[in-house]
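Working notes, beginning with the structure itself.
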Amino acid sequence: MTAYRGGLTPADVERAAERVARYTRRTPLLPGLPARGRRRGGWGLLLKAEHLQHSGSFKLRGAANAVLALGARAIVTGSSGNHGIALARLAAPMGVRVTVVLAAGTSPAKADRIRALGGRTVSVRGGVAEREERARQLAEETGAVLVPSSDHELVVAGQGTVAREVLADVPDVRTLYVPVGGGGLLAGVCLAARDHPVRIVGVEPAGTPRYARSLEAGRPLRLPPCDTVADGLRAQAPGEVPFAVVRDRVDDLVAVSDAEILTATDRLRRLGVEAEPSGAVALAGALRAGRLRERAVAVVSGGNTLAALTARTDLTGRTDLTRRTEPGRVGPAGRATPGDLTYPTEPIEPGCHARRTAPTGARPELEETR
């Protein structure tokens with residue numbers, strides 16, 4: 001891909017929101033941690049519940065924006081699992097041929113889910129770099145359209161709809177914590193919040209701080225493969241598209257250890273939120289930062305745990321967990337609403353006014369499976 005020249009604007013997020021509205025779910029904000037100090041008794045940290053998205057993760061937003069805008073009949077991608085699940089769930093029923101290249105160590109349950117949804121998987125004996133190279137090769141060989149999991153303008157714009165919803169529902173939010181892998185979600189959040197005073201903090205696994213090091217160097221750097229419990233955040237290098245957006249807007253980057261990620265995962269579980277480790281990384285960053293006196297939001301980016309994936313019995317993306325009827329789901333703008341996405345908690349009362357403060361080689365061996 002040629003060097004990105006920075007053509008994305010917040011208007012692209014608005015167009016994406018219109019395009020994907022019929023295919024994605026406006027996910028609720030859930031209570032996370034109570035505020036300390038002056039706001040004691042209120043909710044300080046809120047959780048953007050992308051684990052309740054139709055495909056089990058935020059990836060459906062970017063995938064839908066790309067698929068619907070491109071109108072391709074065949075798509076190839078490289079994925080750690082959730083992007084592939086999102087593409088297969090959306091595109092396969094439309095008659096689009098979806099091929100997902102998976103790196104070594106990809107969750108077998110996620111690979112199974114992609115195939116159950118009508119996608120084809122190809123496994124490479126290597127890491128993320130080998131996966132992406134093979135995806136590019138397959139797209140060139142077959143004439144399919146390459147839709148990367150993060151390094152694509154349409155994908156980034158689609159992911160930005162996460163922040164668009166947060167800023168609409170909690171206009172006085174002071175800090176947004178966002179998990180970082182390839183950077184598509186962080187870039188989308190940065191894009192959507194370009195003109196908003198919210199502080200944006202990207203949270204990376206400590207073993208692969210590719211954005212922190214790349215921003216220090218002033219250019220995307222490729223790090224060695226990393227084995228982290230956050231299997232969806234193992235990208236070795238920032239993409240050209242997200243790097244340019246993140247470089248111009250992110251306020252801070254923090255790194256969290258596997259132990260911190262697992263602690264956050266357990267904390268979410270005790271709150272009733274079944275997140276995969278990758279989905280708990282933003283909370284881990286918020287806990288490390290310790291800024292609990294302010295209104296903040298952490299994005300729970302995915303909930304495709306082994307239990308959730310094996311519970312799905314049809315091709316709609318629903319699970320036996322998404323038909324619960326407990327009262328009190330927190331909907332957009334903090335209203336408790338009925339429906340098939342429920343959460344046993346009290347509604348959140350969002351703030352009414354935003355505070356106008358400044359944001360501080362050789363072809364790898366491969367194995368094909370169906």
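State the three equivalent ellipsoid semi-axes of region 45-92, derived from the C-alpha gyration tensor as the square roots of 5 times its eigenvalues, in descending order and whole Å. It would help to have the intermediate numbers written out before the result.
On the way: eigenvalues 96, 25, 13 Å².
Semi-axes, largest first: 22, 11, 8 Å.
Between ARG270 and ALA311, what's the calculated FRET efficiency when r is the beta-carbon distance and R0 is 25 Å? Round to 0.05.
Working: r = 20 Å, r/R0 = 0.80.
For R0 = 25 Å, the calculated efficiency reads 0.80.
I need the calculated FRET efficiency for the pair LEU262 and ALA104, taking r as the beta carbon distance and R₀ as 25 Å, to the nearest 0.05. Mind dumping the intermediate values first?
On the way: r = 22 Å, r/R0 = 0.89.
The computed FRET efficiency comes out at 0.65.
Relative to the present Cα-Cα distance, how much length would full extension add between LEU70 and GLU240 at 0.36 nm per residue of separation?
Numbers: separation 170, 0.36 × 170 = 61.20 nm, distance 1.99 nm.
Going from the current span to full extension adds 59.2 nm.
Between LEU221 and residues 5 or more places away or on another chain, which pairs have amide H atoms under 5 Å apart, with H built 1.01 Å from N, and which residues are they?
Residues meeting the criterion, in which the H sits 1.01 Å from N, are SER214.
Restricting everything to alpha-carbon atoms, can you work out Rg to Rh for region 168-263 with a Kirkwood hydrodynamic radius? All intermediate terms of the calculation are to be shown ahead of the outcome.
Values: Rg = 13.1 Å, Rh = 13.5 Å.
With Rg and the Kirkwood Rh in hand, the quotient comes to 0.97.
Length gain on complete extension for the stretch ARG26 to ASP251, per 0.36 nm per residue less the alpha carbon to alpha carbon distance?
On the way: separation 225, 0.36 × 225 = 81.00 nm, distance 2.59 nm.
In short, 78.4 nm is gained.
Check ILE200: other-chain or 5+ apart residues with amide H under 5 Å from its amide H, H built from backbone geometry?
Amide H neighbours of ILE200, under 5 Å, 5+ apart: LEU176, ASP251, ASP252.
Restricting attention to the alpha-carbon atoms of region 151-211, what are Rg (one decimal) and Dmax (integer), both in Å?
According to the Cα coordinates of region 151-211, Rg and Dmax are 11.5, 34 Å.
According to a simple spin-label model (label point 7 Å from Cα along Cα-to-Cβ), what is the distance in nm between ALA217 and MET94?
Spacing of the two 7 Å Cα→Cβ label points: 3.6 nm.
Could you run the Karplus curve 6.51 cos²θ - 1.76 cosθ + 1.60 with θ = phi - 60° over region 71-84 and give me ³J(HN,Hα) per residue in whole Hz, x for Gly and Pro?
x, 6, 9, 8, 10, 10, 8, x, 8, 7, x, 5, 5, x
If you build the Cα gyration tensor of region 58-171 and take the root of 5 times each eigenvalue, what three semi-axes come out, in whole angstrom, biggest first?
Numbers: eigenvalues 109, 48, 37 Å².
Ellipsoid semi-axes (Å, largest first): 23, 16, 14.
Which residues' amide hydrogens lie under 5 Å from the amide hydrogen of VAL256, considering only partners 5 or more residues apart or on another chain, with H built in the peptide plane?
Amide H neighbours of VAL256, under 5 Å, 5+ apart: GLU204, ALA206.
We did not get these values from a lab; they are worked out from the coordinates using the rules stated. Fair warning: this is a prediction, and the values are worked out from it, not measured in the lab. Here the Cβ is made from the backbone with ideal geometry for all residues, glycine too, and neighbour counts use every protein chain on show.
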